[in-house]
1. Mind ranking VAL15, VAL35 by accessible surface for me, highest first, 1.4 Å probe?
2. Would you work out if the stretch 16-75 is rounded, prolate or oblate? Take a ≥ b ≥ c from the square roots of the eigenvalues of the alpha-carbon gyration tensor; rounded if a/c is under 1.5, else prolate when a/b is larger than b/c, oblate otherwise.
3. Return the calculated 222 nm mean residue ellipticity for the chain, to the nearest 500 deg cm²/dmol, obtained by summing -39500 (n - 2.57) across DSSP H runs with n ≥ 4 and dividing by the residue count.
4. Return a whole-number percent for the relative contact order of the chain, with Cα pairs under 8 Å and 6 or more residues apart as the contact set.
5. In the chain, which trypsin sites (Lys or Arg not before Pro) fall in coil by DSSP and have 16 or fewer other Cβ atoms within 10 Å?
Amino acid sequence: MDELLDILEELHDDVDYDSCTTLIDDKILDSFDIVTIIAEIADEFDVRIPAEEIIPENFNSAQALYALVEKLLDE
């Protein structure tokens, strides 16, 4: 999880990723951020996020995003 938080904090270091659950809903993350996050996750965790998993629910919080990464690592 620390690696993911590092990725997110590089984008927006003023966000409390431990408690924020509306990263997409509140427009904290935009489409360019999502593309960056997907690329950074691919590099850091060696997983590819399939297009069908690129939905707001998976990117609204650091916890949801980490759960997605863990799911993909298990596949």
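The values are calculated or read from the model by the stated rules, or taken from the named source; none is laboratory data. Only a predicted model underlies this, so the values are computations on that prediction, with no experimental measurement involved. Glycine also receives a Cβ, built like all others from the backbone with ideal geometry; neighbour counts cover every protein chain displayed. When the accessible area is computed, the model is the full protein with side chains, heavy atoms only, and any ligands, DNA or RNA have been set aside. Shrake-Rupley method; radii C 1.70, N 1.55, O 1.52, S 1.80 Å.
1. VAL35, VAL15
2. prolate
3. Working: 4 runs with 42 residues, N = 75.
Estimated from H runs of four or more residues: -16500 deg cm²/dmol.
4. Values: 56 pairs, mean separation 27.9, N = 75.
Dividing the mean separation by the residue count of the chain yields 37 percent.
5. Numbers: sites: LYS27, ARG48, LYS71; in loops: LYS27, ARG48.
Within the chain, the qualifying trypsin sites (Lys or Arg not before Pro) (loop, at most 16 other Cβ atoms within 10 Å) are LYS27, ARG48.
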